[in-house]
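One structure below.
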Amino acid sequence: MKKIFAILLVMSLLLGALSGCAQTPQTPQAPLNVATLKGPTGMGMTQMMQDDGTKYSFTLSSAPDEVTAMVISKQVDIAAVPVNLAAVLYNKLEGDVRIIAASTLGVLYVLENGESVQSFSDLAGKTLYATGQASTPEYILQYLLEQNGIADSVQVEYKAEHSELTALMASGEATLGMLPEPNVTAAMAKNADLRIALDLTEEWNKATQADMVQSAIICRASYYDAHKQEVEAFLKDYAASVSFVNSSVAEAAAQMETLGIVPAAAIGEKAIPNCHIVCLTGEDMHTAVSAMLDVLHTANPKSVGGKLPGEDLYAA
């Protein structure tokens with residue numbers, strides 16, 4: 001009897017434990033925290049940002065410094081940043097950064113209210129207003145000025161915000177300025193006398209024979225190593241979103257306006273084809289980004305954090 005009682009007791013405890021397990025609710029997977037920037041850097045994520053918060057939680061910022069702080073403090077799992085900032089963060093965080101994709105190629109243009117600039121050398125002797133100081137645009141411009149032998153004869157005056165220079169170009173207060181899309185389109189929409197004088201992507205290709213990469217998607221190496229499946233799923237969704245943006249321009253532009261990525265759908269619709277939104281991963285990403293960082297490092301080592309990153313910057 002004692003043996004039978006013991007067996008029944010064990011069975012009762014097991015059934016109770018199994019019952020308890022069955023009643024324990026599954027803990028839902030936490031959404032990935034993603035930071036990106038307004039404008040081209042954020043455009044590729046438009047479709048993903050329609051998520052209800054189940055898979056992704058997005059933070060949309062105006063300045064790279066805001067995203068930098070979130071990456072350093074581990075408030076975000078994944079971030080889209082200027083490509084040189086990816087290298088700076090790698091060096092600052094002692095290698096704890098991985099680039100998982102290149103996300104935008106060249107988006108910089110020189111606008112002019114007039115006809116005096118027909119080639120890059122025509123900038124000599126002029127004042128050029130620009131944005132993006134201490135970031136990729138400044139280093140790209142400085143490199144091109146040096147390669148064309150006019151670095152000492154062009155006065156560059158930087159404005160803190162793209163919107164500020166856009167307003168100056170639109171009003172006619174500034175007649176020559178370097179801006180990224182979609183600010184180029186926004187300025188031209190308000191001032192019919194403006195024209196695109198120079199495409200800096202073309203000028204870069206002439207000077208370097210390498211693709212201009214302006215933005216990349218990164219994550220902390222510690223996060224990447226522990227969550228490769230989540231990162232792979234993210235990249236799959238990002239590639240699909242990029243395809244949507246480039247193939248359904250009007251619909252994507254309307255969503256961008258709602259999300260605050262661009263100021264107006266009409267501007268986004270005209271700007272998207274000039275923003276070169278991509279999803280380069282693996283060897284394609286490695287080749288394009290490493291070539292870009294090599295040129296930036298040669299132009300100004302500070303632009304990439306003082307030294308070129310190691311090969312482990314590039315996610316396999």
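The values are calculated or read from the model by the stated rules, or taken from the named source; none is laboratory data. On a predicted model such as this, the values are computed, not experimentally measured, just so you know. Cβ: placed from backbone, ideal geometry, glycine included. Neighbour counts: every protein chain shown. Quick note on the areas: whole protein, heavy atoms, side chains included, nothing else; ligands and nucleic acids left out. Shrake-Rupley method; radii C 1.70, N 1.55, O 1.52, S 1.80 Å.
Along region 302-316, what does the Karplus equation 6.51 cos²θ - 1.76 cosθ + 1.60 (θ = phi - 60°) give for ³J(HN,Hα), rounded to whole Hz, x for Gly and Pro?
In residue order, the calculated couplings are 4, 5, 10, x, x, 8, 5, x, x, 4, 6, 4, 9, 5, 5 Hz.
With the contact rule set at Cα under 8 Å and sequence spacing of 6 or more, what percent relative contact order holds for region 100-248? Walk me through the intermediate numbers first.
On the way: 212 pairs, mean separation 55.7, N = 149.
Taking the mean separation of contacting Cα pairs over the length of region 100-248, I get 37 percent.
Among the listed pairs 38/206; 92/126; 74/236; 38/228, give every one whose C-alpha distance is greater than 25 Å.
Numbers: 38/206 29 Å; 92/126 37 Å; 74/236 23 Å; 38/228 27 Å.
38/206; 92/126; 38/228, as the Cα separations exceed 25 Å there.
Write out the chymotrypsin sites (Phe, Trp or Tyr not before Pro) in region 227-257 meeting two conditions: DSSP loop, and at most 12 other Cβ atoms within 10 Å of their Cβ.
none
For region 89-146, what number results from the quotient of the Cα radius of gyration and 2.2 N^0.38 Å? Intermediate values should be presented prior to the final figure.
Details: Rg = 15.9 Å, N = 58, 2.2 N^0.38 = 10.3 Å.
Scaled against compact globular proteins, the figure is 1.55.
Kindly report, to the nearest 10 Å², the accessible surface of residue 307 as traced by a 1.4 Å probe over protein heavy atoms only.
120 Å²
On a 1.4 Å probe surface of the protein chains, which of 128, 235 comes out largest in accessible area, and what is the full order?
235, 128
Highest first, please rank the peptides 256-264, 77-85 by the mean number of other Cβ atoms sitting within 10 Å of their residues.
Values: 256-264: 19.4, 77-85: 26.0.
Most protected by this proxy first, the peptides run 77-85, 256-264.
Along the charge dipole of the chain, which of 147, 97, 53 sits closest to the positive end, that is, farthest toward it, with unit charges on the beta carbon of Lys, Arg, Asp and Glu (+1, +1, -1, -1)?
Comparing the listed Cα positions along the dipole, 53 ranks first.
To test your reading of the geometry: what angle, between 0 and 90 degrees and rounded to tens, separates the Cα axis of helix 136-147 from the longest principal axis of the chain?
Approximately 40 degrees, to the nearest 10.
Show that you can apply the helix-only estimate: for the chain, add -39,500 (n - 2.57) for every DSSP H stretch of four or more residues, divide by all residues, and state [θ] at 222 nm to the nearest 500. Write down the numbers at each step before the final one.
Numbers: 13 runs with 146 residues, N = 316.
Per the formula, -14000 deg cm²/dmol.
Taking H placed 1.01 Å from N in the peptide plane, check which residues at least 5 places from residue 278 or on another chain put their amide H under 5 Å from its amide H.
104, 105
Given a Förster distance of 22 Å, report the FRET efficiency between residue 209 and residue 300 from their Cβ-Cβ distance, rounded to the nearest 0.05.
Numbers: r = 20 Å, r/R0 = 0.90.
After rounding, the FRET efficiency stands at 0.65.
With r defined as the distance between the Cβ atoms of residue 311 and residue 247 and R0 fixed at 25 Å, what FRET efficiency is calculated, to the nearest 0.05?
Values: r = 34 Å, r/R0 = 1.36.
After rounding, the FRET efficiency stands at 0.15.
Taking amide H positions as placed in the peptide plane 1.01 Å from N, state which residues far from residue 58 in sequence (5 or more) or on other chains have amide H under 5 Å from it.
Here 34 satisfy the definition.
In degrees from 0 to 90, rounded to the nearest 10, what is the angle of the helix 83-92 Cα long axis to the longest principal axis of the chain?
60 degrees
Counting only DSSP beta bridges with both residues in the chain, tell me the antiparallel percent, nearest 5.
On the way: 22 of 37 bridges.
Rounded to the nearest five, the antiparallel share is 60 percent.
Using the heavy atoms of the protein chains and a 1.4 angstrom probe, tell me the accessible area per residue for the chain in square angstrom.
Details: 14890 Å² over 316 residues.
On a per-residue basis, the chain sits at 47 Å².
When the accessible area of the chain is split by element with a 1.4 Å probe, what percent falls to carbon and sulfur? Provide the component values of the computation, followed by the final result.
Working: 7780 of 14890 Å².
Within the chain, the accessible surface is 52 percent carbon and sulfur.
Could you tell me, in Å, what Rg and Dmax come out for the Cα atoms of region 92-194?
15.1, 49
Where does the charge balance sit around residue 274 when Lys and Arg score +1, Asp and Glu -1, over other residues with C-beta under 13 Å from its C-beta? It would help to have the intermediate numbers written out before the result.
Working: positive: 270; negative: 181, 199, 202, 269.
Computed value for this residue: -3.
Which whole-number percentage describes the relative contact order of the chain, with Cα contacts under 8 Å and a sequence gap of 6 or more?
Working: 565 pairs, mean separation 86.3, N = 316.
That works out to 27 percent.
With a Förster radius of 30 Å, plug the Cβ-Cβ distance of residue 151 and residue 283 into 1/(1 + (r/R0)^6) and report the FRET value to the nearest 0.05. Display every interim value, and only then the final one.
Numbers: r = 34 Å, r/R0 = 1.14.
Result of the calculation: an efficiency of 0.30.
For Rg/Rh (Cα atoms, Kirkwood Rh), the listed values are (i) 1.15; (ii) 0.95; (iii) 1.04; which was obtained by calculation from the structure presented?
Of the listed options (i) 1.15; (ii) 0.95; (iii) 1.04, (i) comes from this structure.
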